[in-house]
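Worksheet for the structure shown next.
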Amino acid sequence: MQKQHLVLWLVVALLGGASPAWAFKIGVVDLNRALNESESGIRSRNVLEARGRQKQKEFEVEKEELRQLGEELRNNPLLTKTARQRKEQELQQRQQQLQEQARQFEQELRGQERQLTETIFNELKGSIRTVSMREKFDLVLERNATQVILYMQEDTTDLTQKVIDHYNALKASE
């Protein structure tokens, strides 16, 4: 709601004032691009993807074991009815456990992704502020937020690459 008020204020200020005193230097930053193209973002995504691939392999091994157990169960005519029922129940329990483990892992991975993204975003805000001040911008909007503005007299400047470069340099110096 506050973003909408800010955008409305900005539109009124830009459209209502024709004097140079109201001339704003406006920039935009594509936060998704900055998150995805910054070195920290790429590194985080690679770590999460590698972890996901590793866990997927583990799940595939377990699935194959369960498939083989099911085949053995179906092809073993020597099992008594109670032994077959017990083995079928055990197989179902293991399948349910595998599904639950996969669901828990997916949830854990999403949580880690959210945490990493939030950390990088908070760090990017500092780079956005530094670049904006250095370039003497009066206002910087998130690129997607500019879609709310239907008309703007002033042109905007995309600062995304400068923010990414500043952020990467900052992280490299740590």
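Being of a type in the set (A, V, I, L, M) and touching a residue at least 24 places away in the same chain (Cβ under 8 Å) is true for just one of Leu98, Leu78. Which residue is that?
On the way: Leu78 fails: touching a residue at least 24 places away in the same chain (Cβ under 8 Å).
Within the list Leu98, Leu78, the selection yields Leu98.
Kindly establish whether Gly70 is in contact (Cβ under 8 Å) with a residue 12 or more places away in the chain, within 30 Å of Gly126 (Cα to Cα) and part of a helix (DSSP H, G or I).
no
Can you go through Phe59, Phe24 and tell me which one is farther than 28 Å from Phe105 by Cβ and surrounded by 13 or more Cβ atoms within 10 Å (Cβ to Cβ)?
Just one listed residue meets the conditions, Phe24.
Of the numbered conditions (1) farther than 21 Å from Leu48 by Cβ; (2) modelled with pLDDT of 95 or more, Thr80 fails exactly one; give the number of that condition.
It is condition (2) that Thr80 fails.
Taking interchain pairs and intrachain pairs at least six residues apart, which have beta carbon atoms under 8 angstrom, with the first residue in region 144-159 and closer than 26 Å to Leu35 by Cα and the second of a type in the set (Gly, Ala, Ser) and at pLDDT 70 or above?
Filtered contacts from region 144-159: Thr156/Gly27; Thr157/Gly27; Asp158/Gly27; Leu159/Gly27; Leu159/Ser132.
Residue-by-condition table, conditions (1) out of contact with any helix residue (DSSP H, G or I) (no Cβ under 6 Å at 6 or more places or on another chain); (2) more than 24 Å from Lys25 (Cα to Cα):
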| position | (1), (2) |
| --- | --- |
| Lys87 | no, yes |
| Gln93 | yes, yes |
| Gln96 | yes, yes |
| Gln101 | yes, yes |
| Glu106 | yes, yes |
| Gly111 | yes, yes |
| Ser127 | no, no |
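Before we move on, is Glu174 modelled with pLDDT of 90 or more and among the charged types (D, E, K, R)?
Judged against the criteria, Glu174 is not a match.
Would you mind stating whether Gln115 is within 30 Å of Glu142 (Cβ to Cβ), exposed (fewer than 14 other Cβ atoms within 10 Å of the Cβ) and of a type in the set (S, T, N, Q)?
yes
Before we move on, is Arg110 within 18 Å of the chain's Cα centre (by Cα), part of a helix (DSSP H, G or I) and exposed (fewer than 15 other Cβ atoms within 10 Å of the Cβ)?
In short, yes.
The values are calculated or read from the model by the stated rules, or taken from the named source; none is laboratory data. Since we're looking at a predicted model, the values are computed, not measured. Note: ideal-geometry Cβ built from the backbone for every residue, glycine included; neighbour counts use all protein chains shown.
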